[in-house]
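Notes follow once the structure below has been shown.
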Amino acid sequence: MAAQGRGSATQAATTAASLLLLCLLVQLDTTSATSYVVGDDAGWTYNVQNWPDGKTFKAGDTLVFSYDPMLHNVVEVDNNGYYSCMPAVGSTIYTSGNDQITLSEGPHYFICGFPGHCEAAMRIAVNAF
Ligand SMILES: [Cu+2]
């Protein structure tokens, strides 16, 4: 009876330790990189401009741009290119239709390079901390 009691106590301690470990792992997970599908279900398309609102991005997070490469692309631009919808010469252009871009710390700007799309709010600005 007493042995069984000790056994239960050990089991309880083991369970507590396991829960603590699980909590630590969950906590670690929240600080690791996150992958975001830009535009959520709609994907990378018109009027995606406000999609980053309310989200906090970290360096190492990945943005996934999902789109039909016949209809859109992704051009990485600077602040000026974002507001003017005019990419600087030599800007990096992604065209796979499933582009995974890992963020470094700082501001990042992406627009669609197809005529009129950036003007139709197919652009995002994100800041990674
Ligand atoms: Cu487009």
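The values are calculated or read from the model by the stated rules, or taken from the named source; none is laboratory data. Bear in mind the structure is a predicted one, so any value in this text is a computation, not a measurement. For the accessible areas, the whole protein counts, side chains as well, though only heavy atoms, and no ligand, DNA or RNA atoms are used. Shrake-Rupley method; radii C 1.70, N 1.55, O 1.52, S 1.80 Å.
In table form, for the structure just shown:
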{"item": "Which of Met70, Met86, Met122 is most accessible, then next, and so on - probe 1.4 Å", "result": "Met70, Met86, Met122"}
{"item": "Solvent-accessible area of Thr102 with every protein chain in place, 1.4 Å probe, in Å² to the nearest 10", "result": "90"}
